[in-house]
Structures are given as C-alpha cells and as structure tokens.
C-alpha cells in the first residue's frame, strides 16, 4: 500500500541565503523517515511558480529515488492555487508545511489547515 505524504511551504522569495540547504536537508530527513517507516511512499507537492519548498521537494525526491507527484494548478492566481492546494490536502494521508518563521499566512499554511479539516495528520515546521 502506498502512503501519500504531502510536503508544501514557503516559496523562494521568503528564504534567505543558506536557507535552501537547510530546508532541503529537512525534506531529506522527512522523506527518509517515511520511507523507512512505510516503505512505499508517494510524496505530493505543488507547482509553485516561485519555486521554494515545492521545487526543493521534487529535487530531493529525485535525488533519493522516491516517487513524487506534482499537483499542478490550471491557471495563475489564488483562485487556481486554492483548487490545487485543496487537491493536495485531499490526496495525502499526512502533510508537512515548511514555512518561514514568523509568517502568519501562506498557501502552504492554508493547505495544512485544509488537510487538518479533512482529518489528516499535519505538522508545521518553521525555519
């Protein structure tokens, strides 16, 4: 049985120099943990046009040889990104939101709240 694990978070504009390395290492640890625990894992993320956590999740999964599914939005703007984020929340069994510390709102946090509303296990990690 495949376990669907969501990883979402802040886009590249929010991160400072050196953060990418830290966030990628965090993503590696999360993915390795789930693979060790469950074996067959499909990581699910978005297609944020600004890069950041979504992009880094895809890179890390490819590096580790772990399956990754990118849920794509059908247009530009929150109207479309909200649909994409809801789909991510529906698909996954568990979801991590890796967000820049101090943010109060982000698409990743919205996705996390939606997943929680749907009864999924969620975890916010602020960096």
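Data overview
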item: FRET efficiency for residue 72 and residue 22, using Cβ-Cβ distance with R0 set to 25 Å, rounded to 0.05; result: 0.40
item: Ranked 19, 11, 40, 99, criterion: other C-beta atoms within 10 Å, fewest first; result: 40, 19, 11, 99
item: Gained length - residue 103 relative to residue 82, 0.36 nm times residue gap less alpha-carbon distance; result: 5.7 nm
item: Distance (nanometres) between label positions extended 7 Å along Cα→Cβ at residue 38 and residue 64; result: 1.2 nm
item: Over the stretch 43-90, volume per residue of the alpha carbon convex hull, in Å³; result: 64 Å³
item: Sum of -39500 (n - 2.57) over DSSP H runs of 4+, divided by residues of the chain (222 nm, nearest 500); result: -14500 deg cm²/dmol
item: Residues listed by number, the stretch 91-127, amide nitrogen under 14 Å from residue 1 label point at 7 Å toward C-beta; result: 93-94
item: Ranked 2, 68, criterion: other C-beta atoms within 10 Å, fewest first; result: 2, 68
item: Bins of 10 Å from zero: percent of alpha-carbon pairs in the stretch 78-127; result: 29, 54, 17
item: Inter-label distance for residue 50 and residue 127, nm, one decimal - labels placed 7 Å from Cα along Cα-to-Cβ; result: 1.5 nm
item: Least to most buried among 24, 16 (fewest other Cβ within 10 Å first); result: 16, 24
item: Over the chain - Rg/Rh using Cα atoms and the Kirkwood inverse-distance radius; result: 0.93
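Every number here is computed from the coordinates shown, using simple stated rules; none is lab data. It should be emphasised that the depicted structure is a prediction, and the values quoted were computed from it without experimental measurement. When we count neighbours, we look across all protein chains shown, and the Cβ atoms used for this are built from the backbone with ideal geometry, even at glycine.
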